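Asker: Once you've had a glance at the structure underneath, I'll fire off some questions.
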Amino acid sequence: MTQDYTNVNRYKVRPESIDLQQDPVAEEEPLLIQLRQQEKSQVFSLTMRTPGYDKELTYGLLFSEGVIADKNDIESIEYLTDSSQDPENILEVRLNDSLSIDLSRFERHHASYSGCGLCGKTSLQALELKQSKAFKPVDFKLDNALVEQLKMLLAKQPLFSLTGGVHAAGLIYLQNGQLDIDNSPFYEDVGRHNALDKLIGHELIKTDIKQSGLLVLSGRIGFELVQKAIMAGFSVIVALGAPSHLAIRAANQFDVALIGFAKDKSFNLYTSHRDLIAE
């Protein structure tokens with residue numbers, strides 16, 4: 001049975017004392033994803049992640065990488081229980097036979113460690129962005145009070161509250177012009193890319209990514225996160241951290257509203273979406 005945190009011993013060092021205490025820390029384990037179609041199989045990815053919601057992570061990763069177009073392209077996802085290695089860390093994805101794909105193009109192992117994202121891909125052109133889902137417009141005004149509410153919501157995520165060592169990604173649904181925070185999905189992981197992939201996988205499985213909402217991210221905004229948002233059709237990104245220049249370029253190119261540094265009752269809008277900001 002996997003778990004998302006472990007209690008460890010650590011010393012609390014103060015000027016007046018050194019005390020041995022226990023501290024919960026986030027788990028980090030490798031996940032090997034192997035693709036199979038008919039009698040052929042190929043390793044697709046080795047990623048470091050927080051155990052749990054591996055199915056959502058896999059759906060989201062394969063979708064955002066353009067391997068699948070919808071959930072029906074996957075026939076099944078199973079752990080390889082007969083493996084001599086840790087069976088909870090190896091997943092086999094059986095692709096639908098009708099899916100046209102060349103497995104040999106994944107011969108180079110696609111290693112994406114916790115903070116890495118899409119390693120080795122350095123330009124907008126090399127990534128060959130292809131928007132897979134139509135953008136879902138957000139008919140809602142953003143202001144400092146809302147951003148502060150989103151920030152507090154992220155801080156209350158259970159694993160982060162316990163360990164302080166994970167990232168979170170959430171989609172705040174919009175229902176009849178109101179934010180439906182209570183029913184909106186959030187996922188946590190040691191890797192910010194994994195957290196977003198889990199969220200996208202959830203949406204792909206549950207709603208075919210048809211819900212409109214605000215994509216909320218707990219950390220900085222790298223280009224890879226914007227690319228995943230574009231693939232999923234999310235039109236507004238609100239993050240606590242700073243964006244990279246390439247992330248801003250990608251957001252502008254695909255008309256995604258990009259908000260960063262959402263903290264201290266203020267935020268920065270990095271794209272030309274002044275109409276989204278409440279007066």
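The values are calculated or read from the model by the stated rules, or taken from the named source; none is laboratory data. Computed from a prediction, not measured in an experiment: that's the story for all the values here. In this analysis, Cβ positions are derived from the backbone assuming ideal geometry, glycine residues included, and neighbour counts consider all displayed protein chains.
Asker: Looking at region 69-121, which of its residues are in a strand (DSSP E or B) and either within 30 Å of Ser244 (Cα to Cα) or at pLDDT below 85 (or both)?
Answerer: His110, Ala111, Ser112, listed by residue number.
Asker: What's the total number of residues in region 258-279 that are in a strand (DSSP E or B) and closer than 19 Å to Pro137 by Cβ? Don't jump to the end; show me each part of the working.
Answerer: First, the residues of region 258-279 that are in a strand (DSSP E or B): 258-263, 266-269, 277.
Among the residues that remain, those that are also closer than 19 Å to Pro137 by Cβ are: 258-259, 269, 277.
Qualifying residue count, region 258-279: 4.
Asker: Confirm whether Ala134 is among the small types (Gly, Ala, Ser) and at pLDDT below 85.
Answerer: Considered against the rule, which asks whether it is among the small types (Gly, Ala, Ser) and at pLDDT below 85, Ala134 comes out as yes.
Asker: So which residues in region 193-230 are free of Cβ contacts under 8 Å to residues at least 60 places away in the same chain and of a type in the set (Gly, Ala, Ser), if there are any at all?
Answerer: Result: Ala195, Gly219, Ala229.
Asker: Hey, can you tell me all the residues within region 132-182 that are surrounded by fewer than 12 Cβ atoms within 10 Å (Cβ to Cβ) and within 18 Å of the chain's Cα centre (by Cα)?
Answerer: The one that is surrounded by fewer than 12 Cβ atoms within 10 Å (Cβ to Cβ) and within 18 Å of the chain's Cα centre (by Cα): Lys156.
Asker: To continue, here is another question. What residue, of Asp208, Asp189, is crowded, with 23+ Cβ neighbours inside 10 Å, closer than 17 Å to Tyr59 by Cβ and out of contact with any Phe, Trp or Tyr (no Cβ under 6 Å at 6 or more places or on another chain)?
Answerer: From the options Asp208, Asp189, the qualifying one is Asp189.
Asker: Can Thr58 be described as hydroxyl-bearing (Ser, Thr, Tyr) and part of a helix (DSSP H, G or I)?
Answerer: yes
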